[in-house]
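S.K.: I'd like to ask you about the structure that follows.
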Amino acid sequence: MRRRTAFKMETCMKLIAPRRVGTAVALACFALAGSAQADDTFKISGFGTLGYTKTNRDDAAFHMPEQPYGETKSGGIRPDSKLAVQLQATFSPMFSATVQAMDKYDGKGSETPKIEWAFLKAQFTPSMNARVGRIGVPAFAVSDFRDVNYANVWLRPPLDVYGQVPFSHFDGADVTYSDSVGPGVLMLSGFAGKSSTHFQETPARLDNAMGFNATYDMEGLVFRLGHVRGKLSADNKNVNTLLAGLRAAGLTGVANELAPDHKPASFTGLGVSYDRGDWVLSGELTKRRNEMYVPDTTGWYLSAAYRWDKFTPYVVVSSLKVDDVNVNNTVPAAGPALPLYLGVKAVLNSQNYAQDTTSLGLRWDAYRNIAVKFQYDRVRPKNGPGMFYFPVTLPTNRVDGTVNVFAMSVDFVF
């Protein structure tokens, strides 16, 4: 392992320059900027995004999947805008600590700053480390820097894949080991803990969570396999009222299938990326499995970008499919039970996020630590709301046709 020397944020910015290296270096820059300076115990860094988003319709509001409300034709800054500050402390060559606070519009509908990361790290050997505390959930290929939009080519990660898991961090521990294997570097990590969040104002928990990640990096060609599982719970007032009605009517079978109480859940992701020279290519295939009213889904995306001086145009195609709604609605569709039948149907339809998306975008590296991005998404929901919020009541409770989403952002690191 090379000996660490003083590492300045200015050096970091030069390394991230679009013609030098890929986005994977960006995360390392934040870590090194905080811990590699032998003469500085503490280091403050941060990142942020000022974004603006609008759609072409008044009946379909775009939002990040966990957010309760979104933006329509009038537009607004809530979906993508954020600001984060990170404090890193290096106590010795072995021990360090990281705390990250972030302010963004969240699943509670709040913009109150929250602690995203807060962990202690022990670097036992050059190849092995462990962390304990609040750590990012490693569900995706860019999980560790999914919020650092500057580190990504896209304006935002493809939601047909990244919108399937609302948990961004967990409280627990992980262990990571890496070593050279053949022409590349193999990195293995295992983790365990618990997580909590709000999804569209509904409290949700993932208990007894555990999983693994495996990546193999051949100097710009990276393969990844990851898996996480746990017990999922949600406390939705409307669902709770419906469950009480079903049980009072003796429909316990449907109620038990619907109930979001400590049910097994899992998420598996397979990814590959290529980042050499001017081309940046990537793709992920993901599977989500549940045993409650949240459906089983399959998501995937393919992305291609080309660096041309300070400009990087890109295209992304993605899809999210519902594999199983997990609830067999056997409630009688007539008579006194009709309201319960319609209630179960409405809950299941509200979770139908299936959609196809085509995205075109452009990244402009305007300054060494500032990137300006433009993105157009053509989204076609499949017999449901997709990932859109309805500002007005729609008779069919679904989005018909396509929705055009226009967005621009200014991403920065400091």
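Every number in this text was worked out from the coordinates using simple rules, so none of it is lab data. All figures in this text were calculated on a predicted structure; none of them were measured in a lab. Quick reminder, even Gly has a Cβ in these numbers, built from the backbone with ideal geometry, and neighbours come from all protein chains shown.
S.K.: Work out Dmax and Rg for the stretch 96-198 from the C-alpha atoms and quote the Rg first, both in angstrom.
M.R.: When restricted to Cα atoms, the stretch 96-198 yields Rg and Dmax of 15.1, 48 Å.
S.K.: Something else now. Relative contact order of the stretch 224-334: what whole-number percent is it, with Cα pairs under 8 angstrom and at least 6 residues apart?
M.R.: Details: 211 pairs, mean separation 25.6, N = 111.
Reported relative contact order: 23 percent.
S.K.: Give me the angle, in degrees from 0 to 90, between the Cα long axis of helix 237-248 and the longest principal axis of the Cα atoms of the chain, rounded to the nearest 10.
M.R.: 40
S.K.: Then there is this: On a straight-distance basis, which lysines could pair with LYS382 in a cross-link, Cα separation under 24 angstrom, same-chain partners fewer than 8 positions away excluded?
M.R.: List returned: LYS54, LYS73, LYS287, LYS321, LYS345.
S.K.: Per 0.36 nm of contour for each residue apart, how much would the distance between HIS262 and TRP279 grow if the chain were fully extended, relative to their Cα-Cα spacing?
M.R.: Details: separation 17, 0.36 × 17 = 6.12 nm, distance 4.40 nm.
Going from the current span to full extension adds 1.7 nm.
S.K.: Using Stokes-Einstein with the Kirkwood hydrodynamic radius over Cα pairs, what translational diffusion coefficient do you get for the stretch 223-372 at 20 °C and a viscosity of 1.002 mPa s, in µm²/s rounded to a whole number?
M.R.: Details: Rh = 18.4 Å.
In µm²/s, the coefficient rounds to 116.
S.K.: Of the listed values [x] 22.0, 76; [y] 20.1, 62; [z] 25.4, 89, grab the one calculated as Rg and Dmax of the Cα atoms in Å from the structure here.
M.R.: For Rg and Dmax of the Cα atoms in Å, the calculated option is [x].
S.K.: Still on this structure: On a 0 to 90 degree scale, rounded to 10, what angle separates helix 24-35 from the longest Cα axis of the chain?
M.R.: Orientation of helix 24-35: about 60 degrees from the principal axis.
S.K.: Only counting other Cβ atoms within 10 Å, I'd like VAL254, VAL403 sorted with the fewest neighbours first. Present the calculation step by step, with values, prior to reporting the outcome.
M.R.: Numbers: VAL254 21, VAL403 24.
Neighbour counts put them in this order, fewest first: VAL254, VAL403.
S.K.: If you don't mind, there's one more thing I want to ask. Pairs of Cα atoms under 8 Å, at least six residues apart: use those to get the relative contact order of the stretch 291-412, whole percent. Intermediate values should be presented prior to the final figure.
M.R.: On the way: 243 pairs, mean separation 27.3, N = 122.
Computed over the stretch 291-412, the figure is 22 percent.
S.K.: Still on this structure: Taking the DSSP beta bridges in the stretch 154-260 as the whole, what percent of them are antiparallel, to the nearest 5?
M.R.: 100
S.K.: Moving to a separate point now. Cross-link partners among aspartates and glutamates for LYS114, C-alpha distance below 19 Å, same-chain residues fewer than 8 apart left out?
M.R.: Correct list for LYS114: GLU66, ASP80, ASP103, ASP106, ASP144, ASP147, ASP171, GLU201.
S.K.: Starting with the fewest neighbours, write out ASP309, ASP40 ranked by other beta-carbon atoms found within 10 Å of each beta-carbon. Don't skip to the end; give the middle numbers.
M.R.: Working: ASP309 10, ASP40 15.
Sorted ascending by nearby Cβ count, the order is ASP309, ASP40.
S.K.: Could you grab the relative contact order for the chain? Cα pairs under 8 Å, six or more apart, rounded to a whole percent. List each step's numbers first, then the result.
M.R.: Numbers: 1099 pairs, mean separation 62.7, N = 414.
Across the chain, relative contact order equals 15 percent.
S.K.: Oh, and also: What distance in nm separates the two pseudo spin-label positions at VAL175 and ASP59, each 7 Å out from Cα along the beta-carbon direction?
M.R.: 5.6
S.K.: Connecting C-alpha atoms closer than 10 Å in a GNM of the chain, tell me which of GLY250, GLY226, GLY133 has the biggest fluctuation.
M.R.: GLY250
S.K.: Residues of the stretch 231-265 with backbone nitrogen within less than 20 Å of a virtual label 7 Å along the Cα-to-Cβ line of SER110, please, listed as ranges.
M.R.: Of the residues in the stretch 231-265, 233-238 have backbone N under 20 Å from the label point off SER110.
S.K.: With the convex hull built on the Cα atoms of the stretch 320-414, state its orientation-averaged projected area in nm². Each step should come with its number before you reach the end.
M.R.: Numbers: hull surface 35.9 nm².
With the hull built on Cα positions only, its mean projection is 9.0 nm².
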